[in-house]
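Here, each number is a calculation from the coordinates, and none is a lab measurement. Everything quoted here is computed from the prediction, not taken from an experiment.
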Amino acid sequence: MTTHCPDAGLVHRLQARDPQAMAELYNAYGTWLYRVALAVVKDHGTAENVTQEAFLHIWNRIGAFDASRGSLVSWMRTVTRNQAIDCVRSKEFRVAQRAAPVEWAERPAESAVEQWERARLLEGPWSRLQQCDRQALGLAYCWGLSQTEIAERLGRPLGTIKSWMRRGLAALRAELEGADACG
């Protein structure tokens with residue numbers, strides 16, 4: 001039994017290294033894949049680079065695409081998302097993010113009022129965390145450092161950092177769940 005792939009002709013042309021097929025693929029899916037990348041990296045310039053890298057990966061690895069395992073669209077989405085995740089995990093990305101100002105307005109799905117409300121909701125629980133928990137969580141979530149990097153920066157054992165983060169997240173979760181139950 002053969003699996004029907006609506007893009008089968010396009011896939012065959014890509015596998016035959018037809019540059020026009022790649023142009024058609026880019027025209028059909030470029031904007032959508034850019035949005036997939038942007039949802040992960042949260043930066044327009046970086047999302048553009050990730051999208052280009054994803055298309056290059058697709059071009060070079062189209063032979064690995066197997067229509068029996070899923071659609072071309074889902075495969076391309078996975079490729080793009082993985083490229084974006086790799087980018088975010090890269091040291092260069094984290095260094096660039098530290099050098100750039102924090103842009104809370106980069107969340108397109110959230111209005112300024114929603115952002116303010118979220119910050120107000122977290123302000124109390126955040127301030128009640130132990131300083132060490134707050135410091136570890138801040139380095140992880142605001143600066144994008146790994147637990148190992150946090151341990152090195154603070155001169156503490158990795159297990160201690162993990163404990164601080166686990167305790168801090170549990171405290172935040174408990175307070176926020178309690179706020180939802182009351183509200």
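A few comments on the model shown:
- Volume of the Cα convex hull of segment 133-174, divided per residue and given in Å³: 51 Å³
- Computed extension length for W59-T31: 8.4 nm, one decimal, from 0.36 nm per residue of separation with the Cα-Cα distance subtracted.
- If the segment from L158 to N49 were pulled out straight at 0.36 nm per residue, it would be longer than the present Cα-Cα gap by 35.9 nm.
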